[in-house]
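Read the figures in this text as sums done on the coordinates, not as results from a lab. Keep in mind that what you see is a predicted model, and the values were worked out from it rather than measured. Cβ sites come from the backbone with ideal geometry, for glycine too, and all protein chains shown count toward neighbours.
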């Protein structure tokens, strides 16, 4: 799941080498924190969060077999 | 992009070696000759091997199908990715098992993937006004038929009860299918209301 977010994000940014995803887990949710270069923030969020929303949709489709809820957060 | 250098007695031999190692057909690579072979003096002294650099040609189409295949791999979905150019439209079709996951509720996931492919494409190849249409197992074709039937049924209802019928929010492409299906209808007219992404079609009886 972590790799999926990283893979997608790398295709969208200008500085793929600065893309990093951290996975945090508690009993109910898996949180994927996406870190990108400050200049690339807009490229993974998009107008009115459209790109971020699309990434979340794809991730939640991929996590249908996961027991826990998967959340993607874009961290500054 | 994959590339490698190879040496051989002739340029051709070196190229063949590289192609075998990369496992690529001749038409998918570009060959750059680094050093020509020379037989040296009387074929004895200073004979040199030919050296070539063979690199894979990554076309936009290949780039996008690799990107989608990569996403599917990370999602644990196996399937075949096919690309086809139709002027300014790059059609990508996926077939295989577990395709329901790729489509999602009312094509939600499919539309998200299509959007991401378009964004990635234009980041990589700016200035190219190509549009990517992603389809899975003819889902869009079937959805179009469903929407057309739905439009005709609701048009009848709107005309019979002299009442506006408001449809659920749809994407621009889907709204267009409804509008097109009813544009020549004598009993109703159609328009859209609301803001994206909740914009929806209204079928209104003609007075």
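Screening residue B:126 against (1) free of Cβ contacts under 8 Å to residues at least 24 places away in the same chain; (2) within 14 Å of chain A (Cβ to nearest Cβ); (3) assigned to a helix (DSSP H, G or I) leaves a single unmet condition, (3).
So how many residues does region B:129-174 have that are without any contact (Cβ under 8 Å) to a residue 60 or more places away in the chain and part of a strand (DSSP E or B)?
Filtering region B:129-174 for residues without any contact (Cβ under 8 Å) to a residue 60 or more places away in the chain gives B:129, B:131, B:133, B:135-170, B:172-174.
Subsequent filtering for residues that are part of a strand (DSSP E or B) retains B:131, B:133, B:135-136, B:165-166.
Result for region B:129-174: 6.
Filtered by the rule that a residue be in contact with a strand residue (DSSP E or B) (Cβ under 6 Å, 6 or more places away or on another chain), free of Cβ contacts under 8 Å to residues at least 12 places away in the same chain and under 18 Å from residue B:58 (Cβ atoms), region B:4-25 gives no residues. Anything in region A:46-69 that is in a helix (DSSP H, G or I), more than 8 Å from chain B (Cβ to nearest Cβ), crowded, with 17+ Cβ neighbours inside 10 Å and over 10 Å from the mean Cα position of the chain (by Cα)? List them, or say none. Answer for region A:46-69, where residues must be in a helix (DSSP H, G or I), more than 8 Å from chain B (Cβ to nearest Cβ), crowded, with 17+ Cβ neighbours inside 10 Å and over 10 Å from the mean Cα position of the chain (by Cα): just A:60. Cβ separations smaller than 9 Å between residues 6+ apart or across chains give the following pairs from region B:63-83 residues that are at the interface with chain A (Cβ under 9 Å from one of its Cβ atoms) to residues that are loosely packed, with under 14 Cβ neighbours inside 10 Å and part of a helix (DSSP H, G or I): B:74/A:3. Scanning region A:3-17 for residues that are touching a residue at least 24 places away in the same chain (Cβ under 8 Å), facing chain B (nearest Cβ under 9 Å) and loosely packed, with under 15 Cβ neighbours inside 10 Å yields one hit, A:14.
All but one of (1) in a strand (DSSP E or B); (2) out of contact with any strand residue (DSSP E or B) (no Cβ under 6 Å at 6 or more places or on another chain) hold for residue A:22; state the number of the condition that does not hold. The single condition residue A:22 does not satisfy is (2).
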